[in-house]
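See structure below.
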Amino acid sequence: MADSANAPKPSSSVKLVLLGEAAVGKSSLVLRFVNNDFQENKEPTIGAAFLTQKCNLPTRTIKFEIWDTAGQERFASLAPMYYRNAQAALVVYDLTKPTSLVKAKHWVAELQRQASPGIVIALVGNKLDLTNDGAGSGAAESGDDSGDARKITTEEAKTYAEEEGLLFFETSAKTGYNVTEVFTAIANAIPETSLKSARGPGASHAAGRTEEQRVNLNGPRDPNAKEGCAC
Amino acid sequence: MAVESLSDTLWDVVICGTGLSQSLLALSLSRSGKNILHIDPNEYYGGAEAAFSLQEAEKWAASVSTPEAQAPSLFKSASITKPENVEDLSFPRAYSLALAPQLIYARSELLSQLVSSRAYRQVDFLAVGSFFIVKSPSAPSEPRTLVRIPSTREDVFSTSAISVKAKRGLMKFLKFVVDFDNPENSEKWKPHAQNPLFEFLQDQFKMDTELQTYIITLTLSLDGRIETKEGLAIIHRHLSSMGVYGPGFAAIYPKWGGISEIAQVSCRAGAVGGAVYMLGTGIKGTSAADDGMELELTSGDKVKTRMLVRGYEDGTRDAGISRLVAVIGSPLKFLFEAVVEGAPIPGVAIVAFPAGSLTTAAGNASASPVYVFAHSSDTGECPTGQSVLYLTAPATPDSKELLDKALEFFLSSVGETPVPQSLYHVYYEQYAGMTPPASGTDDLAISFPAPSFSLSFDDTTLDPVRGVWKRVMGETAIETDYMAFPDREGAADDDIYD
Ligand SMILES: Nc1nc2c(ncn2[C@@H]2O[C@H](COP(=O)(O)OP(=O)(O)OP(=O)(O)O)[C@@H](O)[C@H]2O)c(=O)[nH]1
Ligand SMILES: [Mg+2]
């Protein structure tokens, strides 16, 4: 349903991949973003999961095609298939687990080496509810005596993100804090030019129909198309 | 599926190699609920059908550079050359060069399977546009020119490239092919079924040499001597595929490296279905075990499986093709024009040098055609402003020289000044697969044939995959379930504006 009476906004798809150590909350972030839901004991991802969600910006609609990868080491071989041609990556670590930032840095380095040159990368420290900064009640339930399970300071991660030119957020998939913000920031950071099929002058009038040259296999396939002639 | 360690699991199938056949098998079996371990000795996906960045291409070429194989491989004699001024070359990763680019006809069973398995949603397809031949000049001083082949009846009607008499002949032939299987028409070609198509065209349709080359080019016959029966079937496929997915084109090409992309998309879908993936891991040894066989992997792991499926990994040295991939510093725009109202802009164009139209320095004329597949930057295989050419000819002692010549002549025939420059070349030879040596576990180990040389996707490739699926599914196999899967969550709400 259009909320404006005018022509529909241009819409484009963005391929996004989530990477990060096992159990940092990748699937939980996606579940929050896509279904606004949270599961206390989420199953580890096997292989990978695919989901989509739209993000409405003032001037355009972005349809995220999200590849949620499994963090367990035995699935590591999969990653190249997912970040190949991806326009965005969300590299997630757990604020309460130092090794997870080390792993995140490995992923960032691999993306910078192997992924598309223009890929937008966001570094995300998750489980903020388990820290004193947790926007919500999580800290009290974390079982940590000090009430603060944080092991990675905001400064440390933020400095690193700035050096590497990454977007940076601390989130809680549990409370939902900052989750939509991450995806909106990514949507805004994707250069307009990489959304259009760069096709030279003739096609520039079609800015609003970014996928017009793609052949649609599900379109009005003509079962009677025959002999290649209109006679 | 529970999370267990590699060696504690009894796998239904271990699949080795990530070329198209193995990847489609992984997709079909994992989504049909089977426990799949999918490995590849290479550090990249796609096997003999991979697509490479320049860096990956260099690493690969170094591993198959000698005429005699260092390790089992379908490839040999690979070399990379970068002409002098390579400043125009972009980042290595801005390229995705396909080892085995194939176009896919709209009527191909592969597309039906991609649609029914919903994997097609992850692939961007581009239209394959016009077919051209490079016409040799009547006087040696004149330049070669490109002539677009009229391949539909409308096309034939409107072209100014051929005489009225030739038009009539061509029309008659196209009409014949449309119904080539009806009794009356069969009578005409069946006696010549095994003779070369060009002879049939000459004798039965009185076509001159030029018209014959038009038709032969449409068949993409590697040696130019395709048999009448097969050739007619291919032309029929061309005509009946025209317009199926939109006006003005008969075939499509997957963005980002063709078949390689379909293999990767299949692996991704396989992973979503629960298959476990390991790159850089091959099979060191096999032995019989209680429930099937035990495999020793190069990683040192030992795994148990009910069945092993792999591909022919070693090439014969008697039948092969030579390929030359060239990155060109021009978009070669005029090749990629939609010629029919409402048609999408094509990402691929096809050009042929007919047999006999090239000559080596030693004076040997080319016995076979040289095909040039031109890919625009829309394929994602090169940056904007450039294009990639894929040249193919049967491997002979002369083939490398002929491909270099074809490239040079092609670039000077496109009518651009200055003549577009080639920025990067990869040359290699690809051989047919050799039946793997027998082992003690043959009834549980199946090998898929090596990829065919065909320049268009060959549907018979799909048969062994379906066969293995049926065998693994056993009693529970329901033929109509093959590759028929529902959409994954959220994938179906296609581009509806909120
Ligand atoms: N307190 C808290 N727990 C979280 C948060 N996000 C995820 N979790 C929990 O952390 C555990 C792991 O979350 P997942 O989303 O499955 O982690 P993952 O990164 O997808 O893990 P893999 O799929 O194995 O790579 C689950 O029990 C979640 O409930 C969060 O923001 N706060
Ligand atoms: Mg997960």
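Report the dimensions of the stretch B:263-320 along its three principal axes from the alpha-carbon atoms, largest first, rounded to Å.
Taking max minus min along each principal axis of the Cα atoms, the stretch B:263-320 gives 40, 30, 20 Å.
Straight-line reach only, C-alpha to C-alpha below 22 angstrom: list the lysines that A:Lys151 could link to, leaving out same-chain residues fewer than 8 apart.
A:Lys26, A:Lys97, A:Lys103, A:Lys105, A:Lys127, A:Lys174
Relative to the compact globular guide of 2.2 N^0.38 Å, what is the alpha carbon radius of gyration of the stretch A:1-87, as a ratio?
1.27
Taking amide H positions as placed in the peptide plane 1.01 Å from N, state which residues far from B:Phe457 in sequence (5 or more) or on other chains have amide H under 5 Å from it.
Sorted by chain and number, the residues that satisfy this are B:Leu103, B:Ile104, B:Tyr105.
Please compute, for the alpha-carbon atoms of the stretch B:368-472, the extent along each of the three principal axes and give them in descending order in Å.
Sorted largest first, the three principal extents are 62, 34, 21 Å.
For the interface of chains A and B, what total accessible area is buried with a 1.4 Å probe, rounded to the nearest 100 Å²?
5100 Å²
Could you give each residue of the stretch B:45-53 its phi-based ³J(HN,Hα) in whole Hz, using Karplus coefficients 6.51, -1.76, 1.60 with θ = phi - 60°, and x for Gly or Pro?
Taking θ as phi minus 60°, the curve returns 8, x, x, 6, 10, 5, 10, 10, 6 Hz for the stretch B:45-53.
Given the Cα atoms of the stretch B:175-295, and with Rh set as the inverse mean 1/r over their pairs in the Kirkwood sense, what is Rg to Rh to two decimals?
Answer for the stretch B:175-295: 1.22.
If you roll a 1.4 Å probe over chain B with all protein chains in place, what percent of the accessible area is carbon or sulfur?
51 percent
Net charge near B:Thr228, counting Lys/Arg +1 and Asp/Glu -1 over other residues with Cβ under 14 Å of its Cβ?
-2
List the aspartates and glutamates whose alpha-carbon lies under 18 Å from that of B:Lys302, not counting same-chain residues fewer than 8 positions away?
Straight-line reach from B:Lys302, under 18 Å: A:Glu73, B:Glu4, B:Asp8, B:Asp12, B:Asp40, B:Asp290, B:Asp291, B:Glu294.
Return the sequence-ordered ³J(HN,Hα) values of the stretch A:160-170 in whole Hz as given by the Karplus equation 6.51 cos²θ - 1.76 cosθ + 1.60 applied to θ = phi - 60°, using x for Gly and Pro.
Rounded to whole hertz, the list is 4, 4, 5, 4, 8, x, 9, 6, 9, 9, 10.
Among B:Pro247, B:Gly285, B:Ser260, whose Cα projects farthest towards the positive end of the dipole of the stretch B:222-319, with charges put on the beta-carbon of Lys, Arg (+1) and Asp, Glu (-1)?
The listed residue farthest towards the positive side: B:Pro247.
Would you mind counting up the charge near B:Lys76? Only other residues with Cβ under 15 Å from its Cβ, with Lys and Arg at +1 and Asp and Glu at -1.
With Lys, Arg at +1 and Asp, Glu at -1, the net is -2.
Once all Cα-Cα distances of the stretch B:289-431 are split into 5 Å bins that start at 0, what whole-number percent is in each one?
Computed distribution, short to long bins: 2, 9, 15, 15, 14, 10, 8, 7, 6, 6, 5, 3, 1, 0, 0.
Holding the Cα-Cα limit at 32 Å, pick out from A:Lys54/B:Lys470; A:Lys42/B:Lys304; B:Lys76/B:Lys255; A:Lys42/A:Lys63; B:Lys76/B:Lys175 the pairs that are longer than that.
From A:Lys54/B:Lys470; A:Lys42/B:Lys304; B:Lys76/B:Lys255; A:Lys42/A:Lys63; B:Lys76/B:Lys175, over 32 Å: A:Lys54/B:Lys470; B:Lys76/B:Lys175.
I'd like the antiparallel share, as a percent to the nearest 5, of DSSP beta bridges with both residues in the stretch A:1-128.
About 30 percent, rounded to the nearest 5.
Counting only residues 5 or more places away or on other chains, whose amide H sits under 5 Å from the amide H of A:Val17 once H atoms are built in the peptide plane?
A:Trp67, A:Ala88, A:Ala89, A:Leu90
Arrange the residues A:Asp148, B:Asp481 by how much accessible surface each exposes, largest first, with a 1.4 angstrom probe.
From most exposed to least exposed: B:Asp481, A:Asp148.
Provide the descending list of Cα extents for the stretch B:47-119 along its principal axes, expressed in whole angstroms.
Computed over the stretch B:47-119, the largest-to-smallest principal extents equal 46, 34, 17 Å.
Might you report the magnitude of the Cβ-based charge dipole of the protein assembly as shown about its Cα centre, with Lys and Arg at +1 and Asp and Glu at -1, to the nearest 20 debye?
1580 debye
Ratio of Rg to Rh for the stretch B:125-224, alpha carbon only, Kirkwood?
On the Cα set of the stretch B:125-224, Rg over Rh gives 0.99.
Within 10 Å of each Cβ in peptide B:242-251, how many partner chain Cβ atoms are there on average? Round it to a whole number, please.
That works out to 5 on average.
In a shell of Cβ-Cβ distance under 13 Å around B:Met278, excluding B:Met278 itself, what net charge do Lys and Arg (+1) and Asp and Glu (-1) give?
-3
Given a cut-off of 15 Å, what percent of all Cα-Cα pairs of the stretch B:317-363 lie beyond it?
The share of Cα pairs beyond 15 Å in the stretch B:317-363 comes to 69 percent.
Once the Cα atoms of the protein assembly as shown are picked out, what are the Rg and Dmax in Å?
27.2, 94
What lysines could a cross-link reach from B:Lys172, if we take a straight Cα to Cα line under 28 Å and drop same-chain neighbours fewer than 8 places away?
A:Lys226, B:Lys135, B:Lys188, B:Lys190, B:Lys206, B:Lys229
Please list, short to long, the whole-number percent of alpha-carbon pairs of the stretch A:31-177 in consecutive 10 angstrom bins beginning at zero.
Reading the bins upward from 0: 10, 36, 39, 13, 1.
List the residues whose amide H sits under 5 Å from the amide H of A:Ser11, counting only those 5 or more places along or on another chain, with H placed 1.01 Å from N in the peptide plane.
When sequence neighbours closer than 5 places are left aside, the close amide H contacts are A:Thr61, A:Thr210.
Based solely on C-alpha atoms, express the radius of gyration and the Dmax of chain B in angstrom.
Here Rg and the maximum Cα pair distance are 23.5, 75 Å.
For peptide A:81-87, how many partner chain Cβ atoms fall within 10 Å of a residue's Cβ, on average?
5
Over all alpha-carbon pairs of the stretch B:1-154, lay out the pair-distance distribution in 5 Å bins, whole %, shortest bin first.
Per 5 Å bin, starting at 0, the Cα pair percentages come out as 2, 6, 10, 13, 13, 14, 15, 12, 7, 4, 2, 1, 1, 0, 0.
Each residue of the stretch B:275-283 in turn: what ³J(HN,Hα) in whole Hz from Karplus with 6.51, -1.76, 1.60 and θ = phi - 60°, glycine and Pro shown as x?
Residue by residue, the stretch B:275-283 yields 5, 9, 10, 9, 8, x, 9, x, 10 Hz.
With every protein chain kept in place and ligands, DNA and RNA left out, what is the accessible area per residue of the stretch B:349-465? Probe 1.4 Å, answer in Å².
On a per-residue basis, the stretch B:349-465 sits at 35 Å².
Could you report the accessible area of B:Glu68 in Å², rounded to 10, computed with a 1.4 Å probe on the protein chains as they sit in the structure?
Near enough 120 Å² of accessible area.
The values are calculated or read from the model by the stated rules, or taken from the named source; none is laboratory data. Just so you know, these numbers come straight off a predicted model, no measurement behind them. In this analysis, Cβ positions are derived from the backbone assuming ideal geometry, glycine residues included, and neighbour counts consider all displayed protein chains. Heads up: the accessible areas ignore ligands, DNA and RNA and are worked out on the full protein's heavy atoms, side chains in. Shrake-Rupley method; radii C 1.70, N 1.55, O 1.52, S 1.80 Å.
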